[in-house]
Structures are given as C-alpha cells and as structure tokens.
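Worksheet: one structure, shown below.
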Amino acid sequence: MPEIKLPEVELNIYTPKDPVEAPIVENRICTKESSPNFVRHVTFDISGTDLEGHVRVGQSIGILPPGKNEKGRDYKLRLYSVASPTKGEGGKSHLISTTVKRTIEEFDNNELYLGVCSNYLADLQPGDKVKMTGPSGRRFLLPENATDFNYVFFATGTGIAPYRGMIKELLDNGFENEIVLIFGCAYRTDLLYADYFESLNEEYDNFHYLPHISREDRRPDGTKKYVQTCLWDEAELLDPLMEQENTLMYICGLKGMESGIYRSLAKKGLTQYLDVREPASGKMPDEWDDRDLKRYVKSSARTFVEVY
C-alpha cells in the first residue's frame with residue numbers, strides 16, 4: 001500500500017468576521033434535462049483576493065447570505081464544496097466554482113421552507129457579489145502522490161461537486177490508473193454534469209461513469225438501484241479494483257449514504273476500507289443498528305467521507 005500523502009492546505013484565510021467579496025461570473029443549470037430539482041453550477045471570480053491559488057479541490061468555501069433570521073440575527077454561514085480543479089475553473093486560477101441545489105421543502109402543515117443560502121445563490125446573476133469565507137477542509141483531498149492510486153468515488157446529489165474537479169484534475173494531468181464515479185439519484189432528470197461525465201466515459205478507457213437511478217432502474221431481482229448496490233451490480237469491474245492495495249474510496253453526499261456502503265463492503269469482505277470495532281465487529285453487517293454505525297463502524301485511512 002503506497003503511503004497516502006495529503007497536501008498541506010491553508011485554512012480560513014477569510015472568516016465570517018472578515019469575509020471577502022467575490023463577483024459571480026456564471027450561474028447555469030447543471031441537470032441533464034428538465035427536472036423538478038433546480039441545481040446550478042456557480043462560478044466566482046476571486047482575482048485580487050488571497051484565495052486565488054490557495055483553494056484546493058476537495059475543500060469548501062463559505063457563503064454569507066444577506067439578511068437576518070426571525071430572531072434578528074445574521075444568517076449563518078453555509079459551506080459549499082469546490083467543484084473546480086485546483087488550478088481553477090477552465091484552468092483559470094482566479095475562477096472557482098461550486099454546485100448549488102435550490103432547497104424548497106413542504107412540511108406536513110403546508111408550510112413551505114426555502115433554503116436561505118441556496119435560493120440566494122441560485123437567484124444571483126453575473127456581476128452580483130457575495131461575501132465569501134474559506135477555504136475549509138483538510139482531509140477530503142486528493143493525495144500529493146495522486147498518481148499512485150486508483151479511485152472509487154461515491155456521490156449522491158450535490159456531493160458530486162468535488163469529484164467534478166478531482167476527476168478533471170487527474171485526467172488533465174495524464175492520469176493512467178483507474179477512476180470509477182458512482183452517482184446515485186432518484187430520477188434520470190436529476191443526473192448532474194451528465195453530459196460531461198458521459199463524454200469522459202467515451203474518451204478515457206480508465207474512467208468509468210456508473211449512474212444508479214433508484215426510482216426508475218431495477219435490478220434483476222426487482223430491487224432498486226442505489227449507490228451501494230453498485231458494488232454488487234458492477235462486481236466484475238469493482239471487485240478486482242477494490243481488492244488492489246492502492247485503491248482509495250471517497251464518499252460524498254447526503255448523510256446516511258455511508259451506512260449502506262459500509263454494510264455492502266463488509267458483506268463482500270472488503271473490510272480494508274473500514275474500521276469496525278466492538279460490539280459491531282461481533283455482529284453481522286445487517287445487524288448493525290444506528291448506534292453501531294454512528295460509534296463503532298468508521299472509515300479506514302483508505303476511505304474519505306464528506307456527508308451533510
């Protein structure tokens with residue numbers, strides 16, 4: 001197993017008490033088709049700020065939405081994963097991007113909840129400025145010795161954001177090992193950056209794009225396709241790759257997605273990606289309850305997790 005050498009990164013160059021202003025230069029829909037969910041790719045111009053050249057893919061930036069909550073306090077900072085490679089969006093160091101889902105939820109009492117920061121960002125036009133902080137995050141990164149490894153990336157929803165930048169960074173640098181991107185969503189209209197990843201899948205033999213659409217596609221036994229079922233559905237590709245000593249696994253997206261992945265890994269005997277402690281280690285994976293998964297089933301050094 002090659003040593004995993006994570007890069008040294010700068011943190012919190014700008015804080016909520018001392019943010020920097022950055023203008024929007026692009027704000028576009030990044031779903032494949034017309035979707036009931038509104039997800040946008042947003043690019044910021046950080047030229048002339050200390051962020052330029054100091055934000056790595058895998059880190060996050062913070063956005064401070066204007067206004068105050070019902071208690072009269074300023075709205076809280078929201079973190080968004082960087083979706084551009086370290087060298088910047090389109091290779092331009094002064095441009096960084098993120099992926100924003102407009103949050104609109106209806107509660108049982110017919111009240112409508114609109115996510116403050118997501119809707120604020122989704123409404124902005126090129127030229128509008130935001131208050132930005134960051135960068136944050138020191139672990140969910142590509143290693144300095146990135147070419148020594150294979151990568152299996154699991155994503156749901158906007159958790160695909162960092163992988164867009166990571167995969168572009170790897171392939172632009174002539175990466176020759178294997179990359180697998182497993183993306184889960186409910187409907188095919190919710191596929192994000194699909195045209196881009198489909199084109200990479202056609203162009204590169206070592207890149208594999210595996211979308212799993214839970215409410216449309218069914219497995220041979222009639223069960224739904226989820227990100228964790230990919231470990232079984234694509235076993236011919238994934239088994240030999242996951243068994244290699246130089247394969248790393250990344251998980252990014254909605255909190256709770258890791259539990260199904262961890263159970264599947266354990267069932268397949270791929271425990272090198274897990275740190276399972278007593279009492280969970282004395283149980284079958286299907287017997288792990290919420291307490292086990294929260295306290296006793298952790299990621300190993302080969303697994304990187306960013307869930308929200």
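Could you tell me whether any residue of segment 284-300 is hydroxyl-bearing (Ser, Thr, Tyr), part of a loop (DSSP other than H, G, I, E, B) and at pLDDT 95 or above? There is at least one residue in segment 284-300 that is hydroxyl-bearing (Ser, Thr, Tyr), part of a loop (DSSP other than H, G, I, E, B) and at pLDDT 95 or above. For segment 132-153, the condition of being over 30 Å from residue 49 (Cα atoms), assigned to a helix (DSSP H, G or I) and out of contact with any Asp or Glu (no Cβ under 8 Å at 6 or more places or on another chain) holds for at least one residue. The listed residues are 55, 100, and the only one of them that is surrounded by 18 or more Cβ atoms within 10 Å (Cβ to Cβ), in a loop (DSSP other than H, G, I, E, B) and either modelled with pLDDT under 95 or hydrophobic (A, V, I, L, M, F, W, C) (or both) turns out to be 55. Would you confirm, using the coordinates I've provided, whether residue 251 is within 20 Å of residue 159 (Cα to Cα), open to solvent by less than 50 Å² (accessible area, probe 1.4 Å), in contact (Cβ under 8 Å) with a residue 60 or more places away in the chain and part of a helix (DSSP H, G or I)? Spelling it out, it is not the case that residue 251 is within 20 Å of residue 159 (Cα to Cα), open to solvent by less than 50 Å² (accessible area, probe 1.4 Å), in contact (Cβ under 8 Å) with a residue 60 or more places away in the chain and part of a helix (DSSP H, G or I).
Within the span defined as segment 23-38, every residue fails to be open to solvent by less than 30 Å² (accessible area, probe 1.4 Å), assigned to a helix (DSSP H, G or I) and modelled with pLDDT of 95 or more.
So which of 234, 278, 258 ends up being exposed (fewer than 15 other Cβ atoms within 10 Å of the Cβ) and assigned by the TED database to the domain that holds residue 158? So that I can check it myself, show each step before the final result.
Details: 234 fails: exposed (fewer than 15 other Cβ atoms within 10 Å of the Cβ); 258 fails: exposed (fewer than 15 other Cβ atoms within 10 Å of the Cβ).
It is 278.
Identify, from the list 182, 167, the residue that is touching a residue at least 40 places away in the same chain (Cβ under 8 Å), open to solvent by less than 50 Å² (accessible area, probe 1.4 Å), part of a strand (DSSP E or B) and over 23 Å from residue 63 (Cβ atoms). Reasoning before the result, please.
Working: 167 fails: part of a strand (DSSP E or B).
Just one listed residue meets the conditions, 182.
The values are calculated or read from the model by the stated rules, or taken from the named source; none is laboratory data. The model shown is predicted, which means the values in this text are computed figures rather than measured ones. For neighbour counting, all protein chains shown are included, and Cβ atoms are generated from backbone atoms with ideal geometry for every residue, glycine included. Calculation scope for accessible area: heavy atoms of the full protein, side chains included, ligands and nucleic acids excluded. Shrake-Rupley method; radii C 1.70, N 1.55, O 1.52, S 1.80 Å.
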